[in-house]
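Since the structure comes first, as structure tokens, the remarks are kept for the end.
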Amino acid sequence: MSYCKNKKALKEVKYDSNVEAASTYDLDKFRADVLSGLSLTPKRLSSKYFYDKKGDELFQRIMECPEYYLTRCELEIFQWQTNQLATRISGKSAEPFDLIELGVGDGTKTRFLLNELIETKTKFNYLPIDISGNILSELEHRLSHLDSLNITLLQGEYLDMLKEASRMSGNRKVILFLGGNIGNMDIKEAKAFCQNVRSMLLPGDLFIIGFDLRKDPHRILNAYNDKLGITREFNLNLLQRINKELDANFEIDKFAHYPTYDPHTGACKSYLVSSLKQDVRIGDTVVPFHEGECVFMEISQKYSFSEIKLLAANSGFSVIENFSDHKNWFVDSVWSASSSQSQPLSIL
Ligand code: AVJ
């Protein structure tokens, strides 16, 4: 189900599956998720499947779009507040800790932090988790010059791999969840996710989450509707991936990309809308589409500071510091796991 690659072994990592077995398993799950999603009303596909090789490339290009401010804002935080962030993360104890990153992307931001921690001779292990094996090997390559870095790559779903990581050591934990990836869950899912992460931590462990903040709705919508049409391609690429991997026959030009932002709920959602009545075949299954019928592709939830505070409290954490960019468009919020007795009743 997963594979772990251990560069400089911090511990012997045991794994019983191989990559071959992993891909067969993943393909069955992909098929099941696609078919069940498309049998719902409204139809939906999961944005976690955007990231095949082509999807990774397209996302890299989205990050370079002038409209897509998120990455640049968070980069600014990691570039200019590295020292303060590193101090927060290292804490006061000299004991080694595990820095576990959920969803690594290209690792540009984290590199600032890793450099700082290495320069200050901080003892820590770096465990990046990503669903894309492709992205992980690129990251490993990019970090290969940091030869004093203890790194363990974990390929798989965040929570499965987090469990795996907790089994590997009893060190204090610092979890990084950057890039606004939490936005891909709605508020309810985010709460359940944070509670799940909390259940694998001990009081005082840290959870650092990057949130895209509420702001001018036009600015938000434009970030998901770039002029070059890369975000459109990024969404349509999932249909192409389904065609390739699940023997399907989506006709890409019969679906229109439709991004929306609702400033009331803070939900930025994108849809693919069928431009006519059509049948699509996926393996042996025929999926009918009406004219104008939509497939809900992705949510990118935006937050206010008070919503962040509430989410922390409702999942057993307290906010200890917020690091934002100078425009206040994005925040990396540092949470500390509260002691279990002080977890309040759910009010979200
Ligand atoms: C990688 C989840 C942070 O939601 O902003 C970018 C993905 N989708 N453009 C986001 C994405 C369309 C991105 N995250």
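The values are calculated or read from the model by the stated rules, or taken from the named source; none is laboratory data. This is a predicted model, so every value here is computed, not measured. When we count neighbours, we look across all protein chains shown, and the Cβ atoms used for this are built from the backbone with ideal geometry, even at glycine.
Given (1) touching a Cys at 6+ places or on another chain (Cβ under 8 Å); (2) free of Cβ contacts under 8 Å to residues at least 24 places away in the same chain, where does GLY170 come up short, assuming only one miss?
GLY170 satisfies every listed condition except (1).
If you take the residues in the range 36-52 that are within 16 Å of the ligand (Cβ to nearest atom) and touching a residue at least 24 places away in the same chain (Cβ under 8 Å), which one is farthest from GLY107 (Cα to Cα)?
Of the residues in the range 36-52, the ones within 16 Å of the ligand (Cβ to nearest atom) are 44-52.
Still in the running and touching a residue at least 24 places away in the same chain (Cβ under 8 Å): 44-45, 47-52.
Values: ARG44: 29, LEU45: 26, SER47: 20, LYS48: 18, TYR49: 20, PHE50: 18, TYR51: 15, ASP52: 17 Å.
By that ranking, first place goes to ARG44.
Restricting the search to the range 141-186, which residues are more than 16 Å from the ligand (Cβ to nearest atom), part of a loop (DSSP other than H, G, I, E, B) and not aliphatic (A, V, I, L, M)?
Once the filter is applied, which keeps residues that are more than 16 Å from the ligand (Cβ to nearest atom), part of a loop (DSSP other than H, G, I, E, B) and not aliphatic (A, V, I, L, M), the range 141-186 yields SER144, HIS145, ASP147, SER148, GLY156, SER169, GLY170, ASN171.
Pairs, please: C-beta under 7 Å, at least 6 apart or cross-chain, first residue on the phi < 0 side of the Ramachandran plot and in the range 236-259, second assigned to a loop (DSSP other than H, G, I, E, B) and buried (at least 16 other Cβ atoms within 10 Å of the Cβ)?
LEU238/LEU45; LEU239/PHE250; ARG241/ASP52; ILE242/PHE250; ASN243/PHE250; PRO259/TYR224; PRO259/ASN225
Tell me, which helices (runs of 4 or more DSSP H) wholly within the range 187-305 include 2 or more residues that are within 16 Å of the ligand (Cβ to nearest atom), more than 17 Å from ILE62 (Cβ to Cβ) and in contact with a helix residue (DSSP H, G or I) (Cβ under 8 Å, 6 or more places away or on another chain)?
Fully inside the range 187-305 and qualifying: 187-199.
Under the condition of being surrounded by fewer than 19 Cβ atoms within 10 Å (Cβ to Cβ) and out of contact with any Asp or Glu (no Cβ under 9 Å at 6 or more places or on another chain), which residue from the range 117-131 is nearest to SER148 (Cα to Cα)?
The residue in question is ILE118.
Determine the pairs where a residue that is over 30 Å from VAL34 (Cβ atoms), located within the range 295-310, has a partner that is more than 9 Å from the ligand (Cβ to nearest atom) with Cβ atoms under 6 Å apart, the partner being 6 or more residues away or on another chain.
If the second residue must be more than 9 Å from the ligand (Cβ to nearest atom), the pairs left are SER304/ARG214; ILE308/PHE211; ILE308/SER333; LYS309/VAL319.
Residues checked against (1) assigned to a loop (DSSP other than H, G, I, E, B); (2) farther than 29 Å from LYS215 by Cβ; (3) at pLDDT 95 or above; (4) more than 13 Å from the ligand (Cβ to nearest atom):
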residue	(1), (2), (3), (4)
VAL34	no, yes, yes, yes
ARG72	no, no, yes, no
PHE78	no, no, yes, yes
GLN84	no, no, yes, yes
GLU95	yes, yes, no, yes
ILE100	no, yes, yes, yes
LEU139	no, yes, no, yes
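Just the residues that are over 17 Å from the mean Cα position of the chain (by Cα), surrounded by fewer than 20 Cβ atoms within 10 Å (Cβ to Cβ) and hydrophobic (A, V, I, L, M, F, W, C), please, taken from the range 45-85.
CYS65, TRP80
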